[in-house]
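Read the structure below first, then the notes.
Values quoted throughout were computed directly from the atomic coordinates according to the rules given, and no laboratory measurement underlies them. Computed from a predicted model, the values in this text were never measured in an experiment. We place every Cβ from the backbone using ideal geometry, glycine too, and count neighbours over all the protein chains shown.
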Amino acid sequence: MAKGKRSMRDEVAVALIVIAIVLLAIILGWWAEHPIIGWTIIGIIIIAFGFSLFKFPRFRVWLLKKGKSAGEKAAFKEEPEIVPYEKQEKPMEHSQILSTVVSNNKKPENNVSSRSKKAEVDKVQPLSESEKAILIDIVRNKCENPRCRHVQYLEVHHIIPRAEGGPNSRRNLIVLCPTCHTAADKGGFSRAQLRQWTKRRKY
C-alpha cells in the first residue's frame, strides 16, 4: 500500500515536470513573436508585487518570515555523515539474527503486576493501519535494522512495549521485518540499539 502511494507520487511528479517543460516551450515560442507584450506583462507583475509589499504589511511580514525560515534551513542543514566502507556494518542473514537472539536472550526485568500491565496497555491505543503505513513509507519500505535487507511484510515494533506504557510516538516506534521483530521481542536487540537505528531516518 505504502509502496503504491510512493510510486503514484513519482508518476505525478514526472507528469508535472513534462507539463512544465511543454508550457515553458510554448511561452518561449510566444515570447519570441510578441516580446513587447511579454515585457509589458512582466512589468505589470513586478509593479503589482511591489504595490502588495507596500500596501499590505501582513503580506510583507509573511514573506520575510518565509524567506528567513528557508535561509535558516539551508544554512543549518546537517550534512549526512560519510562512513568508510570498511567501517560500515555488513548485512546480516536472518539465520545470524536468530542465533544472536538465542545467545543474547535474557528475560527482561519485570516488576509490574499483571493487573497493572493490563491497565497500562488499555491506556495506549493500538497503532492504526494508516499510521503504520505512514511510518513504513517514511523509512522507504525497508527494515530499519542496518544489517538486514528485508523489504517485505514489514511490521511496526514498540521500543518501549505498550505493556509498559510505551507511547505511539515515532520516537518509540521502529519498522522491522518479521524476523527482526521476533528478535526484538525476545531481547535480541537492546532498546538503546533500536533507538540508534531510528536516528538514521530522513524526515
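Per-structure values
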{"read-out": "Order of Val151, Val156 under a 10 Å beta carbon neighbour criterion, fewest first", "value": "Val151, Val156"}
{"read-out": "Residues Leu23, Leu63, Leu154 arranged by fewest to most Cβ contacts within 10 Å", "value": "Leu23, Leu63, Leu154"}
{"read-out": "Viscosity 0.890 mPa s, temperature 25 °C, Stokes-Einstein D of the range 117-199 from Kirkwood C-alpha radius, µm²/s", "value": "190 µm²/s"}
{"read-out": "Förster radius 41 Å - calculated FRET efficiency between Arg9 and Glu164, Cβ distance, rounded to 0.05", "value": "0.65"}
{"read-out": "Charge dipole (the range 11-75, unit charges on Cβ, about Cα centre) - positive-most of Phe56, Gly38, Ala25", "value": "Phe56"}
{"read-out": "Long-range Cα-Cα pairs in the range 11-75 (distance over 13 Å), rounded percent", "value": "76 percent"}
{"read-out": "Net length gained if the chain between Ala20 and Phe56 were fully extended (0.36 nm per residue, minus Cα distance)", "value": "9.9 nm"}
